[in-house]
Amino acid sequence: MKHLLTTKQLTREEAELILDLTGQMADAVSGREVPKLPTLRGRTVVNLFYEDSTRTRTSFETAAKRLSADVVNFSAKTSSVSKGESLKDTALTLQAMGPEAVVIRHPASGAPQRLTQWVDGAVLNAGDGTHAHPTQALLDAYTMRERLGGIEGRTVAIVGDILHSRVARSNIWLLSKLGARVRLVGPPTLLPTDIDAWPVEISYDLDASLKDADAVMMLRVQRERMNDAFFPTTNEYARLYGLDERRLALMPGHGIVMHPGPMNRGMEIAARVADSPRATITEQVANGVWVRMAVLYLLLTNGDAQ
């Protein structure tokens, strides 16, 4: 594995290796007085972000630094990109610096794949358009495995704006590969037209979908990507597809609530549900660092101890 562009590219064995290594990273760093490993000392990781992202960028930066890598943060808004520089020219500039890895977030689907043509280092997709966000899916899977004891045979309901969600797409391919039953729930206007080719069940009834769900993943309604009216009103959406305390009570007692963040509290998820012990939202953020450490380690060392 030279790059991490999608979860669809991963074999089940590769995915399980990353999840196993994630646990090892968490154990190794948590037990240290100084939470750092010398594994990537002398290596350079570039964060190339064309979209705002506090959570993902900070998580990748923290992961690289905990592995003792040098980190260069490259923000499109404060660089030559804002003056019209193309992705290729930016990539060639970065290539001249000789980074071992480039972490890219870009509004255009397929940009990370293009980047692999212009840089020699590993490319990690931190989110491209509505296409993929593989490390988010990996951290979600790791969180499920930790809280539920495993993923095989579990039922996971992914709820809301599937159409615009790269998180949903990455989770669908990864979780189904790991043996989960994936159910998509949302209004017909927010479900992709090619969904028949995906390994999922479809439902428009949230109440019915929660009764056997081991995990429910609430997605943010991405209004910034919407040019049309996909549902009548915010209140109508919350009434039909928002997770409140009444709906939480429909889930099995062990069921967990997930959200990739940032949340629209009161819309797709009620504040009391987001803050309940059954919510894994802060755990997902913490686990994101361990997952990204595991991926950086695998890509930059080929899994060999340094």
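Structure notes:
- Number of residues in the range 243-264 that are part of a loop (DSSP other than H, G, I, E, B) and at pLDDT 95 or above: the value is 9.
- I269, sole failed condition from (1) out of contact with any Gly (no Cβ under 7 Å at 6 or more places or on another chain); (2) farther than 26 Å from L10 by Cβ: (1)
- Only one entry in S176, S170, S165, S209 is in contact (Cβ under 8 Å) with a residue 24 or more places away in the chain and more than 22 Å from H133 (Cβ to Cβ), namely S209.
- Residue list for the range 151-162, restricted to those being crowded, with 23+ Cβ neighbours inside 10 Å and touching a residue at least 60 places away in the same chain (Cβ under 8 Å): V156, A157, I158, V159, G160, D161
- Residue that is farthest from R66 (Cα to Cα), among those in the range 238-250 that are among the aliphatic types (A, V, I, L, M) and open to solvent by 10 Å² or more (accessible area, probe 1.4 Å): L240
- Reported count of residues in the range 108-127, each being touching a residue at least 40 places away in the same chain (Cβ under 8 Å) and either β-branched (V, I, T) or not assigned by TED's automatic domain parsing to the domain that holds E51 (or both), is 2.
- Verdict on Q9 being within 15 Å of L298 (Cβ to Cβ), of a type in the set (S, T, N, Q) and surrounded by fewer than 19 Cβ atoms within 10 Å (Cβ to Cβ): yes
- No other residue among P99, P38, P107 is buried (at least 16 other Cβ atoms within 10 Å of the Cβ) and not small (G, A, S) apart from P99.
- Between V167, V72, V123, the distinction of being out of contact with any Phe, Trp or Tyr (no Cβ under 9 Å at 6 or more places or on another chain), open to solvent by 50 Å² or more (accessible area, probe 1.4 Å) and under 22 Å from M293 (Cβ atoms) belongs to V72 only.
- In the set T130, T135, T143, only one residue is among the β-branched types (V, I, T), open to solvent by 10 Å² or more (accessible area, probe 1.4 Å) and under 16 Å from the mean Cα position of the chain (by Cα); that residue is T130.
- Considering only residues in the range 263-283 that are more than 19 Å from D214 (Cβ to Cβ) and polar (S, T, N, Q), the one that is least open to solvent (accessible area, probe 1.4 Å) turns out to be N264.
- A Cβ distance below 8 Å, combined with a sequence gap of six or more or placement on separate chains, defines the contacts here; from the range 276-290, residues that are closer than 18 Å to R66 by Cβ reach residues that are open to solvent by 60 Å² or more (accessible area, probe 1.4 Å) and modelled with pLDDT of 95 or more in the pairs E283/E146; E283/R147; N287/E146; V289/R66.
- One residue from T143, T193 being at pLDDT below 95 and among the polar types (S, T, N, Q): T193
- Filtered residues of the range 265-288 (kept if polar (S, T, N, Q) and either within 17 Å of the chain's Cα centre (by Cα) or in a helix (DSSP H, G or I) (or both)): T280, T282, Q284, N287
The values are calculated or read from the model by the stated rules, or taken from the named source; none is laboratory data. This structure is a prediction, so every number in the text was calculated from the model and none was measured. Positions of Cβ are backbone-derived with ideal geometry, glycine not excepted, and every protein chain shown enters the neighbour counts. With ligands, DNA and RNA removed, areas are computed over all heavy atoms of the protein, side chains included. Shrake-Rupley method; radii C 1.70, N 1.55, O 1.52, S 1.80 Å.
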